[in-house]
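All remarks here apply to the structure that follows.
The values are calculated or read from the model by the stated rules, or taken from the named source; none is laboratory data. These numbers were taken from a predicted model, which means no experiment stands behind them. Methodologically, a virtual Cβ is constructed for each residue, glycine included, from the backbone with ideal geometry; neighbour enumeration extends over all protein chains shown. Protein only, heavy atoms only, side chains kept; ligands, DNA and RNA dropped before computing areas. Shrake-Rupley method; radii C 1.70, N 1.55, O 1.52, S 1.80 Å.
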Amino acid sequence: MKIICIGRNYSLHAKELGNEIPKEPIFFLKPDSALLLKNKTFFIPDFSNDVHHELELVIRINRLGKHIPAEFAPRYYSEVSLGIDFTARDLQQECKEKGLPWEKAKAFDGSAPLAEWRKLEALGGFENLEYKLLVNGKERQSGKPSEMLFHVNDLIAHVSKYMTLKIGDLIYTGTPAGVSRVVEGDQLEAFLNGEKLIDMRVK
Ligand code: ZN
(Lines give C-alpha, C1' and ligand atoms only; values in the text may rest on other atoms or scores of the structure.)
Protein backbone atom coordinates (compact mmCIF):
# COMPACT_ATOMS: atom_id res chain seq x y z
CA MET A 1 0.00 0.00 0.00
CA LYS A 2 1.27 3.45 -0.82
CA ILE A 3 0.15 6.89 0.25
CA ILE A 4 0.17 9.39 -2.57
CA CYS A 5 -0.03 13.02 -1.51
CA ILE A 6 -0.79 15.96 -3.77
CA GLY A 7 0.93 19.30 -3.25
CA ARG A 8 -0.44 22.78 -4.07
CA ASN A 9 -3.88 21.67 -5.22
CA TYR A 10 -5.66 24.81 -3.98
CA SER A 11 -4.51 28.16 -5.32
CA LEU A 12 -4.94 30.04 -2.01
CA HIS A 13 -2.73 27.51 -0.24
CA ALA A 14 -0.04 27.68 -2.94
CA LYS A 15 -0.08 31.47 -2.50
CA GLU A 16 0.08 31.39 1.30
CA LEU A 17 3.36 29.44 1.06
CA GLY A 18 4.68 31.70 -1.69
CA ASN A 19 4.55 28.97 -4.34
CA GLU A 20 3.56 29.27 -7.99
CA ILE A 21 0.30 27.76 -9.18
CA PRO A 22 1.37 24.41 -10.69
CA LYS A 23 0.64 23.58 -14.33
CA GLU A 24 0.39 19.86 -13.57
CA PRO A 25 -0.25 18.02 -10.28
CA ILE A 26 2.67 17.70 -7.86
CA PHE A 27 2.81 14.48 -5.91
CA PHE A 28 5.01 12.74 -3.36
CA LEU A 29 4.71 9.54 -1.32
CA LYS A 30 4.49 8.66 2.34
CA PRO A 31 5.22 5.14 3.65
CA ASP A 32 2.59 3.03 5.42
CA SER A 33 4.42 3.73 8.71
CA ALA A 34 3.17 7.33 8.44
CA LEU A 35 -0.45 6.26 9.02
CA LEU A 36 -2.06 7.23 12.31
CA LEU A 37 -5.48 5.62 12.74
CA LYS A 38 -8.40 5.72 15.19
CA ASN A 39 -7.79 9.31 16.25
CA LYS A 40 -4.65 8.36 18.14
CA THR A 41 -2.63 11.18 19.69
CA PHE A 42 -0.12 12.86 17.39
CA PHE A 43 3.28 13.40 19.01
CA ILE A 44 5.26 16.32 17.61
CA PRO A 45 8.62 14.90 16.51
CA ASP A 46 11.69 16.30 18.24
CA PHE A 47 13.42 17.16 14.93
CA SER A 48 11.00 19.97 14.09
CA ASN A 49 9.86 23.21 15.70
CA ASP A 50 7.26 23.99 13.07
CA VAL A 51 4.90 21.10 12.30
CA HIS A 52 1.85 22.27 10.35
CA HIS A 53 -1.57 20.67 9.99
CA GLU A 54 -2.86 20.18 6.44
CA LEU A 55 -6.44 18.93 6.31
CA GLU A 56 -7.04 16.83 3.20
CA LEU A 57 -9.77 14.88 1.53
CA VAL A 58 -8.59 11.30 1.03
CA ILE A 59 -9.79 8.65 -1.41
CA ARG A 60 -8.96 4.94 -1.48
CA ILE A 61 -8.22 3.14 -4.74
CA ASN A 62 -10.48 0.09 -5.11
CA ARG A 63 -9.13 -1.54 -8.28
CA LEU A 64 -5.85 -2.06 -10.03
CA GLY A 65 -4.97 0.34 -12.81
CA LYS A 66 -2.33 2.05 -14.89
CA HIS A 67 -2.70 4.80 -17.50
CA ILE A 68 -6.23 5.47 -16.28
CA PRO A 69 -8.03 8.08 -18.41
CA ALA A 70 -9.68 10.78 -16.26
CA GLU A 71 -13.14 9.89 -17.59
CA PHE A 72 -12.79 6.34 -16.23
CA ALA A 73 -11.21 7.40 -12.92
CA PRO A 74 -14.55 7.44 -11.00
CA ARG A 75 -14.57 3.63 -11.32
CA TYR A 76 -11.43 3.49 -9.19
CA TYR A 77 -12.78 4.95 -5.94
CA SER A 78 -16.05 4.82 -4.07
CA GLU A 79 -15.11 5.87 -0.54
CA VAL A 80 -13.80 9.05 0.96
CA SER A 81 -12.30 10.10 4.25
CA LEU A 82 -10.38 12.92 5.87
CA GLY A 83 -6.70 12.90 6.69
CA ILE A 84 -4.04 15.26 7.89
CA ASP A 85 -0.77 15.65 6.05
CA PHE A 86 1.42 16.73 8.95
CA THR A 87 4.38 18.64 7.58
CA ALA A 88 7.59 19.73 9.29
CA ARG A 89 7.59 23.10 7.54
CA ASP A 90 11.06 24.06 8.77
CA LEU A 91 12.60 20.88 7.32
CA GLN A 92 10.56 21.20 4.14
CA GLN A 93 11.80 24.76 3.64
CA GLU A 94 15.38 23.57 4.08
CA CYS A 95 14.83 20.74 1.56
CA LYS A 96 13.20 23.12 -0.93
CA GLU A 97 16.08 25.58 -0.69
CA LYS A 98 18.61 22.82 -1.28
CA GLY A 99 16.56 21.18 -4.03
CA LEU A 100 16.30 17.98 -1.98
CA PRO A 101 13.37 15.54 -1.66
CA TRP A 102 10.75 16.29 1.04
CA GLU A 103 10.58 12.91 2.77
CA LYS A 104 12.19 14.08 6.03
CA ALA A 105 9.55 16.78 6.29
CA LYS A 106 6.55 14.80 5.13
CA ALA A 107 6.96 11.05 5.53
CA PHE A 108 7.82 10.63 9.21
CA ASP A 109 5.96 8.25 11.55
CA GLY A 110 2.48 9.46 12.43
CA SER A 111 2.48 12.16 9.75
CA ALA A 112 -0.65 10.80 8.07
CA PRO A 113 -3.66 10.60 10.40
CA LEU A 114 -6.59 9.00 8.61
CA ALA A 115 -10.24 8.86 9.68
CA GLU A 116 -12.92 6.25 8.94
CA TRP A 117 -14.28 5.73 5.44
CA ARG A 118 -17.59 6.97 4.15
CA LYS A 119 -19.34 5.93 0.94
CA LEU A 120 -19.31 8.72 -1.62
CA GLU A 121 -22.75 7.71 -2.82
CA ALA A 122 -24.23 8.24 0.65
CA LEU A 123 -22.76 11.75 0.71
CA GLY A 124 -24.25 12.74 -2.63
CA GLY A 125 -21.10 12.26 -4.72
CA PHE A 126 -17.70 13.84 -4.83
CA GLU A 127 -18.85 17.31 -5.90
CA ASN A 128 -21.15 17.49 -2.90
CA LEU A 129 -18.40 17.19 -0.27
CA GLU A 130 -17.34 19.89 2.14
CA TYR A 131 -14.79 19.66 4.90
CA LYS A 132 -13.32 21.79 7.61
CA LEU A 133 -10.78 21.68 10.41
CA LEU A 134 -11.15 23.24 13.83
CA VAL A 135 -8.15 23.76 16.10
CA ASN A 136 -9.14 24.22 19.73
CA GLY A 137 -12.70 24.93 18.59
CA LYS A 138 -11.77 27.60 16.04
CA GLU A 139 -12.16 27.04 12.31
CA ARG A 140 -8.77 27.10 10.57
CA GLN A 141 -9.32 25.36 7.23
CA SER A 142 -12.27 24.60 5.01
CA GLY A 143 -12.67 23.44 1.46
CA LYS A 144 -14.71 21.82 -1.25
CA PRO A 145 -13.70 19.91 -4.39
CA SER A 146 -14.68 22.78 -6.72
CA GLU A 147 -11.77 24.75 -5.24
CA MET A 148 -9.22 22.13 -6.26
CA LEU A 149 -6.89 23.05 -9.12
CA PHE A 150 -6.91 19.41 -10.25
CA HIS A 151 -10.00 17.24 -9.77
CA VAL A 152 -9.40 13.85 -8.18
CA ASN A 153 -10.07 12.21 -11.57
CA ASP A 154 -7.24 14.22 -13.10
CA LEU A 155 -5.00 13.32 -10.15
CA ILE A 156 -5.66 9.62 -10.75
CA ALA A 157 -4.99 10.02 -14.48
CA HIS A 158 -1.75 11.89 -13.80
CA VAL A 159 -0.31 9.65 -11.08
CA SER A 160 -1.24 6.43 -12.91
CA LYS A 161 0.89 7.52 -15.88
CA TYR A 162 3.92 7.02 -13.64
CA MET A 163 2.97 4.27 -11.21
CA THR A 164 0.43 1.46 -11.04
CA LEU A 165 -2.38 2.16 -8.64
CA LYS A 166 -3.28 -0.82 -6.47
CA ILE A 167 -6.25 -1.70 -4.29
CA GLY A 168 -5.87 0.07 -0.96
CA ASP A 169 -3.60 2.84 -2.18
CA LEU A 170 -4.55 6.22 -0.73
CA ILE A 171 -4.58 9.63 -2.35
CA TYR A 172 -4.38 12.67 -0.06
CA THR A 173 -5.74 15.29 -2.43
CA GLY A 174 -3.98 18.42 -1.17
CA THR A 175 -4.79 21.03 1.44
CA PRO A 176 -6.86 24.20 1.33
CA ALA A 177 -5.45 27.45 2.73
CA GLY A 178 -5.15 28.05 6.47
CA VAL A 179 -2.29 25.74 7.43
CA SER A 180 -0.53 26.61 10.65
CA ARG A 181 1.72 25.30 13.38
CA VAL A 182 0.43 22.81 15.93
CA VAL A 183 1.57 22.93 19.54
CA GLU A 184 1.33 20.55 22.46
CA GLY A 185 -2.19 20.43 23.84
CA ASP A 186 -3.96 21.33 20.58
CA GLN A 187 -7.21 19.56 19.83
CA LEU A 188 -7.91 18.94 16.15
CA GLU A 189 -11.43 18.25 14.96
CA ALA A 190 -12.35 17.75 11.33
CA PHE A 191 -15.77 17.44 9.75
CA LEU A 192 -16.90 15.89 6.48
CA ASN A 193 -20.34 17.14 5.42
CA GLY A 194 -21.04 18.03 9.02
CA GLU A 195 -19.96 14.71 10.55
CA LYS A 196 -16.98 14.79 12.89
CA LEU A 197 -14.46 12.22 11.63
CA ILE A 198 -11.26 13.50 13.23
CA ASP A 199 -10.99 14.29 16.92
CA MET A 200 -7.38 14.07 18.02
CA ARG A 201 -4.95 15.59 20.42
CA VAL A 202 -1.43 16.87 19.81
CA LYS A 203 1.32 16.14 22.32
ZN1 ZN B 1 -0.54 18.24 1.92
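Would you mind checking which residues have amide H under 5 Å from PHE43's amide H? H placed 1.01 Å from N; only 5 or more apart, or other chain.
LYS203
Could you compute how much accessible surface LEU17 exposes when probed at 1.4 Å, giving the result in Å² to the nearest 10?
Number for this one is 50 Å².
If you rank ARG75, ARG118, ARG89, ARG201 by how much accessible surface each has, with a 1.4 Å probe, what is the order from largest down? Don't jump to the answer; show the numbers that get you there.
Details: ARG75 140, ARG118 60, ARG89 20, ARG201 105 Å².
Ranking ARG75, ARG118, ARG89, ARG201 by accessible area, largest first, yields ARG75, ARG201, ARG118, ARG89.
Going from most exposed to least, what order do GLU20, GLU103, GLU121, GLU79 have by accessible area with a 1.4 Å probe? Before the final figure, lay out each step's value.
Working: GLU20 145, GLU103 95, GLU121 170, GLU79 35 Å².
Result, largest first: GLU121, GLU20, GLU103, GLU79.
Give me log10 I(q)/I(0) at q = 0.17, 0.19 Å⁻¹ for the chain, Debye formula, one equal scatterer per alpha-carbon, no solvent.
With one equal scatterer per Cα and no solvent, log10 I(q)/I(0) is -1.18, -1.51.
Checking the table LYS23/LYS138; LYS98/LYS138; LYS104/LYS203; LYS40/LYS119; LYS38/LYS166 against a 31 Å threshold on Cα-Cα, which pairs fail?
Long pairs (Cα-Cα over 31 Å): LYS23/LYS138; LYS98/LYS138.
How many nm separate the modelled label positions at LEU37 and ASP199, each set 7 Å beyond the Cα in the direction of the Cβ?
Placing both labels 7 Å beyond Cα along the Cβ direction yields 2.0 nm.
Once R0 is set to 41 Å, what does the formula 1/(1 + (r/R0)^6) return for the Cβ-Cβ distance between GLN187 and LYS66, expressed as a FRET efficiency to the nearest 0.05? Don't jump to the answer; show the numbers that get you there.
On the way: r = 41 Å, r/R0 = 1.00.
Once rounded, the FRET efficiency stands at 0.50.
Using θ = phi - 60° and the Karplus curve 6.51 cos²θ - 1.76 cosθ + 1.60, what whole-Hz ³J(HN,Hα) does each residue of the stretch 29-46 get, with Gly and Pro shown as x?
Using θ = phi - 60°, the values come out as 10, 10, x, 5, 5, 7, 4, 9, 9, 6, 6, 5, 4, 9, 9, 5, x, 6 Hz.
Considering Cα pairs under 8 angstrom that are at least six residues apart, work out the relative contact order of the chain and quote it in whole percent.
Details: 473 pairs, mean separation 70.2, N = 203.
The value is 35 percent.
In square angstrom, rounded to the nearest 10, how much accessible surface does LYS138 have for a 1.4 Å probe?
Roll a 1.4 Å probe over it and LYS138 shows about 150 Å².
From the backbone phi of the stretch 111-121, what are the Karplus-calculated ³J(HN,Hα) couplings (6.51 cos²θ - 1.76 cosθ + 1.60, θ = phi - 60°) in whole Hz, Gly and Pro given as x?
For the stretch 111-121, the Karplus-derived couplings read 7, 10, x, 9, 8, 6, 8, 10, 6, 4, 4 Hz, x marking Gly and Pro.
Quick one: accessible surface of GLU139, probe radius 1.4 Å, all protein chains present, in square angstrom to the nearest 10.
Surface accessible to solvent at GLU139 totals approximately 110 Å².
Can you classify the stretch 128-194 as rounded, prolate or oblate using the Cα gyration tensor, where a ≥ b ≥ c are the square roots of its eigenvalues, rounded means a/c under 1.5, and otherwise it's prolate if a/b beats b/c and oblate if not?
Numbers: a/c = 2.50, a/b = 1.93, b/c = 1.30.
Note, shape of the stretch 128-194 comes out prolate.
Would the stretch 10-73 count as rounded, prolate or oblate if I go by the C-alpha gyration tensor, calling it rounded below 1.5 in a/c and otherwise prolate when a/b exceeds b/c, oblate otherwise? Display every interim value, and only then the final one.
Working: a/c = 2.47, a/b = 1.24, b/c = 1.98.
It is oblate, given that a/c is not under 1.5 and a/b is not larger than b/c.
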